[in-house]
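Right, one structure below, let's go through it.
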Amino acid sequence: MSNDLSVRNMVKKFDDFTAVDNVTFDVPKGSFFSILGPSGCGKTTLLRMIAGFEEPTSGAIEIRGKDMLGVPPNHRPVNLVFQHLALFPMMNVEENIAFGLKRRGVKGPEIRKQTDTMLERVGLPGFGGKQINQLSGGQKQRVAIARCLVLEPSVLLLDEPLGALDLKLREQMKIELKKLQTKIGTTFIYITHDQSEALVMSDHVAVMNNGQFEQIGTPQELYGKPKTPFVAQFVGDNNQWSGNVTQSNPGEIIIATDDGYSFRTKGDAPCADGCRVNLYLRPEAIRIEPRQTEGLNVFDVQVKSILFDGANSRLLTTTKEEHELIVTLPQTRKFDHIKPGDTISVGWHPESGICFEAEA
Amino acid sequence: MIRSLPRSKTYNWSFNLFILLYFTFLFAPLVVTCVLAFNDSNFPSLPWQGFSLDWFIADGPDRIGLFHDDQNLRSIVTSFQTAFFVSILSVIVGTCASFLFEKEEFRFKGFLYFLMLAPLVIPGVILGISLLLAANTAGTFFEDVFGLDFDLFRPSFWLVVLGQFSFISTFVTLVVSARLRKFDHSLEEAALNLGATQLGVIWHITLKFLRPAIVGAAAVAFLMSFENFNTTLFLVGSEPTLPINLYLQVRDGSTPVINAVSLLLIVGTSLMALANLYFTKKGD
Amino acid sequence: MNRSRLAFWIFFAPVIMWLVLLIVLPHLDLLTMSFRGENDYGDPIWTFENYTNFFTEPVYWLTFVRTALYAIITTFITFLLAMPVSFFIAKLARTRAQGALMILLLLPFWVSELVRIYGWMILLRESGVLNFFMLKLGIIDTPIEMLYNDATMIMGLVYTSMLFMVVPLVSVMDSLDDSLIEAAHDLGAGHLTIWRTIIIPHCKPGITSGSIVVFMLALGNYLTPNLMGGKNSLWFTEQIYNQFIASFNWNQGSAFGFLLLLLSSLIIWVGLKLTRQKLGEVAS
């Protein structure tokens, strides 16, 4: 499979601050690629370099095999959907979408045809005459995307375009964007600080922190096999313990946590006895009152409160050493008897623990 | 184009050059005026005859410096007095007006608001002649009916004050209204809730909040009054303000004393404008 | 909330006095005066004579038309100059330089108009600074009188009213999201297209308010045409002044004043209608 975009050793420095630090990645044709990171991690700078609004300090960008260095934004086969969409308020929907075609010197009737087709494809047929301020948030979103897609770019760049929407609409738009991308087949590069957006929509996600890529992988890989503590903490929720390795066997280690527990967990990286580690455990990995305790790490916790949130409900619990743990509460009515203040036993399988050597 | 878009060298260079030329255009007359105030020459022109403070401090018989020029000094004092009364009057009435338009509801409010804005679009000259006419009419009326004679109704110091006040109040109203619009009404309600009276709230809470805007508006009013020419021209009596006095001198030929006065004006107003800017920034 | 009536009257009384006594009545007086005259026996009568004089005497209405045209030209030149300056300050200058540039821009305009014009006079006149340098550099052999012609007068008017165009333009350009320009560029637009389709449409409100103020100031200006214009560049405000002060024909002067007021109101009204704005929005 060929790559639509490949970035090699890209660096961007502002005075003595390094915003993007030696980033390398490839985006296969037709895929949905997300860059996920906290605000200020350099993801917007990276995107703007791909779009051509910033020049990299060093490194190379190739789009469909063509070197893009020194090519101004209007001559790159990429288009950008801006964070606040940047729809032109002085034009109506149709004029916004036709803007790029007009600049290319496409003839009037042809522009009309393409604009109408595009409006239909994004699900807004007949909206051409509307003013921008008559549209809802989700409709603006789609117009902004249509305005770029009508130019048939090799790569569509999206800079947190869902950030301004309210929660309900954001959930809806996530699914719509994914559907749209699958339908049209254009390569999307999507920037976000919201892990759920990245996980839901993307084929591949790069997690970015302090200007560097921590890990690139499918959403499943990032969630299930995080390679760095940052990824483990940033993608999904996690409970955390610190402790020392007391015994390390092939594929498995035993950890003595600082508050006195002894846990067995899988250990991929060879860890010497006595070295300090951080242990991460997903809330859904902790089973409540397991019937089969064979092979599990089992201990008692006290329920502090029930964080009811439909299918995402959790228990806020503490061990007797006041270590806080979040535990997924399956809504199968099986655990309806649990009340705040109860003491319950919980257990987790060694396979679900994630261990990293603690930094010195 | 803008900073984030690629720009050609020529584009940048010619733009910078244009801005440089523009600011030269802006400051050239002021700089020349200031510099020539110190030229040891009887005319405000080059060549440079050497540095001299004559046009500030000389006391005759050939040259009379500004500090011994009674006529100019008197007009400066008059301007200060005018500006002082104008700013006090217009701040009081302008603040009342902003309360009236921002907080009260009454019939014909829209029409009255339009009237309040009218001085913005009435040329100063027209304002001047209208007031002159009205003052004359009123003066004739009082004399015919009551046999009374008021100096106020003749071109005089107080008529100038009234004339300037009539349009400067509009600017004060706009400045104070802008600040009043930012005022959080729940503060007032809280004070009322705690037992304050309506006027007490305005005095203790709202006016305190408005203080930066009121001080700023007073400074603007002072400057506007100090440099007003168009309206004043028709209302001025035997005590000319500084701009009128300067105008008469410039029209009939010039001496470097005018440069000296201008220099003081430039320095004075700049300092005042900067102070005003500084305090309004701090107030925000 | 039950608003106190006392507070209302405290605000209302001074404002209504200001507006009625100093704005409404004087202008009504202006209107009536313009329809008054004397018959052959010197008795006061109602008459249209002051207006018929205006239309039958070419020097009057020609001055009127000239003043209006030159004011429009001034407005247009001011706009052309102010556009790139405001663009530079709002979009090209670094954030730290922006504040300093704004202050530099404002400073000259706080100084009395008279001082600024005086500065231009000593720069441009026959014995002026510019001539001195051009002679020294050998560009010219004999001094040129650069004052007292229409071009210089228009330059003076542009200079005087520049600020009132730049300030609204800077603030309206500041509010233009950079990403709109980037988006247009990304979609393939060149510089000219970006100006035509994005920047100018966005700046319309600022252009309107700036143009209205500049036009107003140029139309009502007295000092600049009087001191920088030539013998042939009579301005309509000068006609008014002549009628009032020189000829002492207040009735004729009132008619002129009223016509000028009518013209400025008309142009402002048309400007607001064309851009569908309200006076209140432009003022604030």
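Just so you know, all these numbers are worked out from the coordinates, no wet-lab data involved. Please read all numbers here as calculations on a predicted model, not as lab measurements. Glycine gets a Cβ as well: all are built from the backbone with ideal geometry, and neighbour counts include every protein chain shown.
Restricted to Cα atoms, segment A:239-357 shows a radius of gyration and a Dmax of 14.7, 44 angstrom.
Other residues with beta-carbon under 15 Å from the beta-carbon of residue B:203 carry, at +1 per Lys or Arg and -1 per Asp or Glu, a net charge of +2.
On the basis of the beta-carbon distance and an R0 of 35 Å, residue B:11 and residue C:171 show a calculated FRET efficiency of 0.90. With the convex hull of its Cα atoms as the shape, chain C has an orientation-averaged projected area of 24.1 nm².
Note on the protein assembly as shown: with charges restricted to the Cβ of Lys and Arg (+1) and Asp and Glu (-1), its dipole about the Cα centre is near 2160 debye. Spacing of the modelled spin labels on residue C:61 and residue C:80, each 7 Å from Cα toward Cβ, amounts to 3.0 nm. Rounded to 0.05, the FRET efficiency of the residue A:252 and residue A:289 pair, given R0 = 25 Å and the Cβ-Cβ distance, is 0.50. The magnitude of the dipole of chain B, with charges of +1 and -1 set on the Cβ of Lys/Arg and Asp/Glu and taken from the Cα centre, is near 1420 debye. With both labels modelled 7 Å from their Cα along Cα-to-Cβ, the residue C:38 to residue C:149 distance reads 4.4 nm.
Here residue A:14 and residue A:233 are evaluated by their C-beta separation; at R0 = 41 Å the FRET efficiency comes out at 0.95. Among residues other than residue A:118 with Cβ under 12 Å from its Cβ, the summed charge is +1 (Lys and Arg +1, Asp and Glu -1). For chain A, report the % of Cα-Cα distances exceeding 27 Å. That fraction is 57 percent.
What the phi angles of segment C:245-254 give under the Karplus curve with 6.51, -1.76 and 1.60, with θ = phi - 60°, is a coupling list of 9, 7, 7, 6, 9, 5, 5, 4, x, 5 Hz, glycine and proline written as x. The phi-based Karplus calculation (6.51 cos²θ - 1.76 cosθ + 1.60; θ = phi - 60°) puts the 3J(HN,Hα) values of segment A:63-76 at 10, 6, x, 9, 5, 10, 5, x, 8, x, x, 6, 9, 8 Hz, whole numbers, x for Gly and Pro. Taking one quarter of the surface of the C-alpha convex hull of segment A:279-318 gives a mean projected area of 3.6 nm².
Per-residue ellipticity at 222 nm from helix content only, as computed over chain C with -39500 (n - 2.57) for each DSSP H run of at least four residues, stands at -22500 deg cm²/dmol. Based on the Kirkwood approach, the hydrodynamic radius assigned to segment B:57-190 is 18.0 Å, with every pair of different Cα atoms included. Only helices enter the 222 nm calculation for chain A: every DSSP H run of n ≥ 4 contributes -39,500 (n - 2.57), and dividing by all residues gives -7000 deg cm²/dmol, rounded to 500. For segment B:1-70, the normalised intensity computed at q = 0.14, 0.22, 0.29 Å⁻¹ comes to -0.60, -0.94, -1.18 (log10 of I(q)/I(0), Debye sum over alpha carbons, equal scatterers, no solvent). Charge tally for residue B:255 (other residues, Cβ to Cβ under 14 Å; Lys, Arg +1; Asp, Glu -1): -3.
Over the protein assembly as shown, the Kirkwood radius and the radius of gyration, each from Cα atoms, give a ratio Rg/Rh of 1.10. Charging the Cβ of each Asp and Glu at -1 and of each Lys and Arg at +1, and nothing else, the dipole of segment C:53-283 about its Cα centre rounds to 180 debye. Taking label points 7 Å from Cα along the Cα-to-Cβ direction, residue B:53 and residue B:203 give a separation of 5.0 nm. Largest first, the three principal axis extents of the alpha carbons in chain B are 76, 72, 32 Å in whole numbers. Greater than 32 Å separation of Cα atoms is the criterion. Which listed pairs, A:12/A:266; A:179/A:304; A:266/A:320; A:43/A:168; A:102/A:174, meet it? A:12/A:266; A:179/A:304, as the Cα separations exceed 32 Å there. Can you tell which of A:132, A:87, A:175 lies farthest toward the positive end of the dipole of the protein assembly as shown, using +1 and -1 charges on the Cβ of basic and acidic side chains (Lys, Arg; Asp, Glu)? Positive-end residue among those listed: A:175.
Whole-Hz Karplus values for segment C:81-91 come out as 6, 6, 4, x, 4, 5, 4, 4, 5, 7, 10 Hz, taken residue by residue from phi with 6.51 cos²θ - 1.76 cosθ + 1.60 and θ = phi - 60°; glycine and proline positions read x.
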